[in-house]
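J.: My questions all concern the structure below.
Taken together, the values in this text are just the output of simple stated rules run on the coordinates, not laboratory data. Only a predicted model underlies this, so the values are computations on that prediction, with no experimental measurement involved. With ideal geometry, Cβ positions are generated from the backbone for all residues, glycine too; neighbour counts draw on all protein chains shown.
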Amino acid sequence: MEKNQDILRYEEAAAILPVRLRKAALVLPAEERKTAEELRLRAGRPMTVLLPGGEKEFEVIVEPEELETLCDLATEFSRYAAAETLREGFLPVRGGFRVGLCGTAVMKDGVNTNLKNLSSAAIRIERQHLGVADGLVPRLLREGRFQNTLLLSPPGGGKTTLLRDLVRCLSEQGWRVSLIDERGEAAVMVRGEPQMDVGPRTDVLDGCPKALAIPMVLRAMNPQIIAADEITLREDLRAMSLAAGCGVGLLATIHAADVGELLEKPLYRQLLEDRVFRLAVCIRCVDGERSYEVEELP
Amino acid sequence: MKKLLGAVCVLLGGAWAWRTQMSAARRRRDTLAGITAGLGQMAEEIRMARTPMPALLACLGRSRRGPEREFFRRAAEALRQGAELPQAWRQAVDTLDLPPQALAVLEELGQALRGDEEKVCKAILLAVKQLEKQVTEWDERRPEAEKRTTALWFSASALLVILLI
């Protein structure tokens, strides 16, 4: 069943492509469709699919006009309605996909206002993996209270996937969760609707820097848990500490292979010294299988 | 008596044809004015609310009246069924009973409805301007055109009556 779902996701992602490229993408054998991670388009170069073993070329050359058509299709011919994310270089697409774009940035007063002359695009084939966090939630509770938790893994390790599923599980168990989805990867909001299942009691604030978003949801949504993807800036950490001081549970992802690596990063040392976070979930990947280890933070 | 009756029938036929032509011309003019107003509303919605195109066309298909309602509804429906916007737009334009110049403006607009807000709004407002100009010219020409049409139908009917009598 899961295999069919994976193939279906690939086909749904291919449906975003202009007709000629779509036909070419659907030539890929079923075995490779299951594991495909991205479809990549570069003007004047062959379209490729990113597989676990690397990029594989199709026999079609991408025309620059097709990148514009892709952008139109992804935005349902309403590029103006996606201006905020387009200037950030990505488009959330109905179905939970994400199209990353490259081109010429249109700068106004030192700020990028748009992308024109599109040169590359990457359609990320998001797969939800429902249930990966099912057994994890009880391990993050102490006497029924959610412990502030960091999700750790190197890039591409599955932090966002785990965060999304943890949010879903917590939400289904009755917790009021505010999800700060700055880069639109966790919930993939399209016109106010999350394209990924993030649970029935989750409020999503997307496209807003975490340092601004956290006080906003604290004031506006009365959350029990605030979840955020990729905390990387000092301001994000400060906002997290502020929220912790208000008695709200915190769940966040950080790029680090394990707690040891986290301790080596000066930015996070203060956070650990302040004991804002109590637990860490380290994501390990062995032979393509992911396992989750819960560790107490020092 | 028969000749008189025939003459009356010919005159009535002429009057009916005149009336049909006049009302068709007025309907075309009203359609054009309606579509122009709809396009104005479209530009406004894009600028103020950034309403996505499928929702915008569907909304215009519900809120407008007359043939323009059908135009926007058809475009929205084709888009919903998976057609690309220029294709959906062209399909809807093809169903319109308008002068060729107006159809050309609308077809061109269908190709220009892509890109950012500024580009799309510019294209719509340019089309609105061109169509408004056509409506104005039409209104200016209308009294003379109506007079000419009336004279033509009356003369043709009268000539036929004379020939029959």
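J.: Hydropathy first: keep DSSP H helices in chain B averaging at least -0.5 on Kyte-Doolittle, then drop any whose Cα extent along the axis falls short of 30 Å, and list what survives.
T.: For chain B, where a helix must reach 30 Å along its axis and average at least -0.5, the hits are B:2-49, B:117-164.
J.: For A:LYS265, which lysines qualify as cross-link partners when the Cα separation must be under 23 Å and same-chain residues fewer than eight apart are set aside?
T.: The reachable lysines, counting only those whose Cα sits under 23 Å from A:LYS265, are A:LYS159, A:LYS210.
J.: If I stretch the segment between A:ARG22 and A:GLU264 completely, what's the gain in nm (0.36 nm per residue apart, minus their alpha carbon distance), one decimal? Numbers along the way, then the final one.
T.: On the way: separation 242, 0.36 × 242 = 87.12 nm, distance 4.58 nm.
Between A:ARG22 and A:GLU264, full extension yields 82.5 nm more.
J.: What does a probe at A:LEU233 reach in region A:165-205, counting residues whose amide N is under 19 Å from the point 7 Å along Cα→Cβ?
T.: Of the residues in region A:165-205, A:179-186, A:205 have backbone N under 19 Å from the label point off A:LEU233.
J.: Just check the protein assembly as shown against the gyration tensor rule for me: Cα atoms, a ≥ b ≥ c as the square roots of the eigenvalues, rounded for a/c under 1.5, and otherwise prolate or oblate depending on whether a/b exceeds b/c.
T.: prolate
J.: If you take the charge dipole of the protein assembly as shown about its Cα centre, with +1 on Lys and Arg Cβ and -1 on Asp and Glu Cβ, which of B:VAL10, B:ALA43, A:VAL248 is farthest toward its positive end?
T.: Checked the options; the winner is B:VAL10.
J.: Still on this structure, I have one more. In terms of modelled amide H atoms, which long-range or inter-chain residues lie less than 5 Å from the amide H of A:VAL60?
T.: The list, which skips near neighbours in sequence, is A:MET47.
J.: While we're on this one: I'd like the Karplus ³J(HN,Hα) series for region A:141-155: coefficients 6.51, -1.76, 1.60, θ = phi - 60°, whole numbers in Hz, and an x wherever there's a Gly or Pro.
T.: 10, 10, 6, x, 9, 6, 8, 4, 10, 10, 9, 10, 5, x, x
J.: Which net charge results for the neighbourhood of B:ARG142, defined as the other residues with beta-carbon distances under 14 angstrom from its beta-carbon, given Lys and Arg at +1 and Asp and Glu at -1? Let's see the in-between values first.
T.: Values: positive: B:ARG26, B:ARG27, B:ARG28, B:ARG29, B:ARG141, B:LYS147, B:ARG148; negative: B:ASP30, B:GLU137, B:ASP139, B:GLU140, B:GLU144, B:GLU146.
Charge balance near B:ARG142 sits at +1.
J.: Once you order the gyration tensor axes a ≥ b ≥ c over the Cα atoms, which shape class does region A:137-296 get: rounded for a/c under 1.5, otherwise prolate or oblate by comparing a/b with b/c?
T.: Details: a/c = 1.35, a/b = 1.16, b/c = 1.17.
Since a/c stays below 1.5, the shape of region A:137-296 is classed as rounded.
J.: What span do the alpha-carbon atoms of chain B cover on each of the three principal axes, reported in whole Å from largest to smallest?
T.: Result, largest extent first: 70, 32, 23 Å.
J.: So what is log10(I(q)/I(0)) for region A:2-124 at q = 0.18, 0.19, 0.21 1/Å, when the Debye sum runs over its Cα atoms only?
T.: Taken in order of the listed q values, log10 I(q)/I(0) reads -0.90, -0.99, -1.17.
J.: Which one, B:LEU106, B:LEU85, B:MET53, projects farthest toward the positive side of the charge dipole computed for region B:31-164 from Cβ point charges (K/R +1, D/E -1)?
T.: B:MET53
J.: Here's a follow-up. Between B:VAL8 and A:ARG94, with labels modelled 7 Å along Cα→Cβ, what's the label distance in nm to one decimal, could you check?
T.: Rounded to a tenth, the inter-label distance reads 6.2 nm.
J.: Placing +1 at every Lys and Arg Cβ and -1 at every Asp and Glu Cβ, with all other atoms neutral, what dipole size does the protein assembly as shown have around its Cα centre, in debye to the nearest 20? Walk me through the intermediate numbers first.
T.: Values: 65 positive and 66 negative charges, 454 e Å.
For this selection, approximately 2180 debye.
J.: Still on this structure, please answer the following. How high is the FRET efficiency between B:GLU137 and B:GLU108 when r is their beta carbon distance and R₀ equals 22 Å, given to the nearest 0.05?
T.: 0.75
J.: Could you compute the FRET efficiency for A:ARG145 and B:ARG47, with r as their C-beta to C-beta distance and R0 at 51 Å, rounded to 0.05?
T.: Calculated transfer efficiency: 0.55.
J.: Sticking with this structure for a sec: Tell me, how many Å apart are the Cα centres for region B:97-165 and for region B:39-59?
T.: 25
J.: Also: Taking each residue in B:112-124, count the Cβ atoms of any other chain within 10 Å of its Cβ, then average. What number comes out?
T.: For peptide B:112-124, the averaged partner shielding equals 4.
J.: Starting from the Cα-Cα distance between A:GLN173 and A:VAL60, subtract it from 0.36 nm times their residue separation and give me the gain in nm to one decimal.
T.: On the way: separation 113, 0.36 × 113 = 40.68 nm, distance 4.79 nm.
Full extension from A:GLN173 to A:VAL60 adds 35.9 nm.
J.: Using r as the Cβ-Cβ distance of A:ASP203 and B:ALA17, and R0 as 56 Å, what FRET efficiency do you calculate, to the nearest 0.05?
T.: 0.25
J.: Mind putting a number on the dipole of region A:91-212 about its Cα centre? Charges go on the C-beta only, +1 for Lys and Arg and -1 for Asp and Glu, and I need it in Debye to the nearest 20.
T.: Result for region A:91-212 is approximately 140 debye, rounded to the nearest 20.
J.: Let me ask something else. With θ taken as phi - 60° and the coefficients 6.51, -1.76 and 1.60, list the Karplus ³J(HN,Hα) couplings across region A:200-205 in order, rounded to whole Hz; mark glycine and proline as x.
T.: Values per residue, Gly and Pro as x: x, 10, 10, 9, 10, 10 Hz.
J.: Given points 7 Å out from each Cα along the Cα-Cβ axis, report the B:CYS59 to A:GLU289 separation in nanometres with one decimal.
T.: Going from the B:CYS59 label point to the A:GLU289 one covers 5.3 nm.
J.: Which shape class, rounded, prolate or oblate, goes with region A:146-239 when its Cα gyration tensor gives a ≥ b ≥ c as root eigenvalues, a/c under 1.5 marks rounded, and past that a/b bigger than b/c marks prolate?
T.: Since a/c stays below 1.5, the shape of region A:146-239 is classed as rounded.
J.: Assign unit charges at the C-beta atoms only (+1 for Lys and Arg, -1 for Asp and Glu), then state the dipole size of region B:31-164 relative to its Cα centre in Debye, rounded to the nearest 20.
T.: So the dipole magnitude of region B:31-164 works out to roughly 240 debye.
J.: Counting only other residues whose beta carbon sits under 14 Å from that of A:ASP203, what net charge do I get with K and R as +1, D and E as -1? Please report the intermediate quantities before stating the final value.
T.: Values: positive: A:ARG168, A:ARG176, A:ARG201, A:ARG219; negative: A:ASP181, A:GLU193, A:ASP206.
Neighbour charge sum, excluding A:ASP203 itself: +1.
J.: I would also like to ask the following. Based on DSSP H runs of at least 4 residues, each adding -39500 (n - 2.57), what is the mean residue ellipticity at 222 nm of chain A after dividing by all its residues, to the nearest 500 deg cm²/dmol?
T.: -9000 deg cm²/dmol
J.: Now for a different question. Taking amide H positions as placed in the peptide plane 1.01 Å from N, state which residues far from A:HIS255 in sequence (5 or more) or on other chains have amide H under 5 Å from it.
T.: none
J.: Here is a follow-up. Using a simple spin-label model with points 7 Å from Cα along the Cα→Cβ vector, what separation in nm is obtained for B:MET1 and B:GLN87?
T.: 6.7
J.: Taking the Cβ of each residue in A:GLU264, B:GLU84 as the centre, tally the other Cβ atoms inside 10 Å and list the residues starting with the fewest.
T.: By the 10 Å Cβ count, ascending, the order reads A:GLU264, B:GLU84.
J.: Ok, one more. Only bridges with both residues in the protein assembly as shown count here: give the DSSP antiparallel percent, nearest 5.
T.: 65
J.: Is there a pair in A:LYS23/B:LYS122; A:LYS108/B:LYS122; A:LYS116/B:LYS119 whose C-alpha atoms are over 23 Å apart, and which pairs would that be?
T.: Exceeds cut-off: A:LYS23/B:LYS122.
J.: In the protein assembly as shown, if the dipole is taken from +1 on Lys/Arg beta carbons and -1 on Asp/Glu beta carbons about the Cα centre, which of A:GLY135, A:LEU233, A:LEU17 is farthest to the positive end?
T.: Result: A:LEU17.
J.: Provide the per-residue ³J(HN,Hα) series for region A:175-186, in order, calculated from phi with Karplus coefficients 6.51, -1.76, 1.60 and θ = phi - 60°, each as a whole number of Hz, with x at glycine and proline positions.
T.: Listing the rounded values in order: 6, 8, 10, 10, 9, 8, 10, 4, 9, x, 9, 7 Hz.
J.: Now, a different point. Please list, in chain and number order, the residues 5+ apart from A:GLY207 or on another chain whose amide H is under 5 Å from its amide H, with Hs placed from the backbone.
T.: Close amide H contacts, sequence-distant or interchain: A:ASP181, A:GLU182, A:ARG183, A:GLY184.
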